Amino acid sequence: MSSESTNTEIPGYNYGTAEHSPVTLTELEELKASVMLDERDVAMLQRAGELLDDQVDDILDVWYGFVASQPQLVAQFSQPGGPPIDEYLAAVRPRFGQWIRDTCSRSYDQEWLDYQNEIALRHTPAHKNETDQVGSTSVVPLRHLIALTGPVTITVRPFLARKENDGEQVDAMMQAWLKAVLLQIALWSRPYTREGQW
């Protein structure tokens, strides 16, 4: 499976051309060690990516359904105090799907790190709403980004289990997925913190 897409295939997906991340590769390696992400996890993520690739739309349906059921979450895709912006939700969806594929299949190298920084900034006043030119809220509260680790992790298991009968293999892929999500949440938290506190 290949996770690669050109920037023109997914509007706003600028993997490979994002600005250089202020996070160093050394700091990335330290974070990987902190979440216990190792080579076996990388292999399990690759396997998970193979199993999830043709289920991405179904996963997004579950995630979008969950977000829609939670007023505090759907508010981040809405006009301030107003209704959801349908075109915003639609624009984000293919990038969200690509995020699943990238999480499983990309090398966690400088380009990946740079794009994590771009994702982080798009949740803050620095870049939020710029990519899709919408008038939504100016920031996604950090507490909700962290909390979403739960549903974004738990809901993946049934999709893995559809195609893998070995429970131990599913467990291993789930552990790898959780570590990868936590790693990214840690990176996305950087713009929210005061200098010297990240």
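The values are calculated or read from the model by the stated rules, or taken from the named source; none is laboratory data. Every value quoted in this text rests on a predicted model; they were computed, and no experiment measured them. All Cβ positions, glycine included, derive from the backbone under ideal geometry; neighbour counts span all protein chains shown.
General observations
- Extreme residue, nearest to GLU168 (Cα to Cα), among residues of segment 43-61 that are crowded, with 16+ Cβ neighbours inside 10 Å and in contact (Cβ under 8 Å) with a residue 60 or more places away in the chain: MET44
- Pairs linking a residue in segment 159-175 that is closer than 22 Å to VAL62 by Cα to a residue that is in a loop (DSSP other than H, G, I, E, B), with Cβ atoms under 6 Å and 6 or more positions apart or on different chains, are VAL170/GLU164.
- Residue pairs whose Cβ atoms lie under 6 Å apart, sitting 6 or more positions apart in sequence or on different chains, and linking a residue in segment 107-129 that is at pLDDT below 95 to a partner that is in a loop (DSSP other than H, G, I, E, B), are ASN129/SER136.
- Qualifying residue in segment 71-88 (condition: assigned to a loop (DSSP other than H, G, I, E, B), in contact with a strand residue (DSSP E or B) (Cβ under 9 Å, 6 or more places away or on another chain) and free of Cβ contacts under 8 Å to residues at least 60 places away in the same chain): yes
- If you go through segment 14-42 and keep only what is over 20 Å from ARG93 (Cα atoms), small (Gly, Ala, Ser) and surrounded by fewer than 18 Cβ atoms within 10 Å (Cβ to Cβ), you end up with ALA33, SER34.
- The residue of segment 136-165 that is nearest to the chain's Cα centre (by Cα), among those that are of a type in the set (Gly, Ala, Ser) and crowded, with 16+ Cβ neighbours inside 10 Å, is SER136.
- Test: residue in segment 78-98 that is surrounded by 18 or more Cβ atoms within 10 Å (Cβ to Cβ), over 19 Å from TYR15 (Cα atoms), among the polar types (S, T, N, Q) and touching a Ser or Thr at 6+ places or on another chain (Cβ under 8 Å): yes
- Candidates GLN133, GLN110 - the one that is in contact with a Leu (Cβ under 9 Å, 6 or more places away or on another chain) and either surrounded by fewer than 16 Cβ atoms within 10 Å (Cβ to Cβ) or of a type in the set (Asp, Glu) (or both): GLN110
- Residue that is nearest to ASP102 (Cα to Cα) [pool: residues in segment 112-143 that are part of a loop (DSSP other than H, G, I, E, B) and charged (D, E, K, R)]: ARG122
- Assessment of segment 6-20 against the conditions (under 16 Å from ASP132 (Cβ atoms), free of Cβ contacts under 8 Å to residues at least 40 places away in the same chain and either in contact with a strand residue (DSSP E or B) (Cβ under 8 Å, 6 or more places away or on another chain) or basic (Lys, Arg) (or both)) yields no matching residue.
- Count of segment 142-158 residues which are charged (D, E, K, R) and either in contact (Cβ under 8 Å) with a residue 60 or more places away in the chain or closer than 18 Å to SER189 by Cα (or both): 1
- Filtered by the rule that a residue be basic (Lys, Arg) and more than 18 Å from the chain's Cα centre (by Cα), segment 16-46 gives a lone residue, ARG40.
- Only residues that are within 30 Å of VAL23 (Cα to Cα) and assigned to a helix (DSSP H, G or I) were counted in segment 144-198, giving 30.
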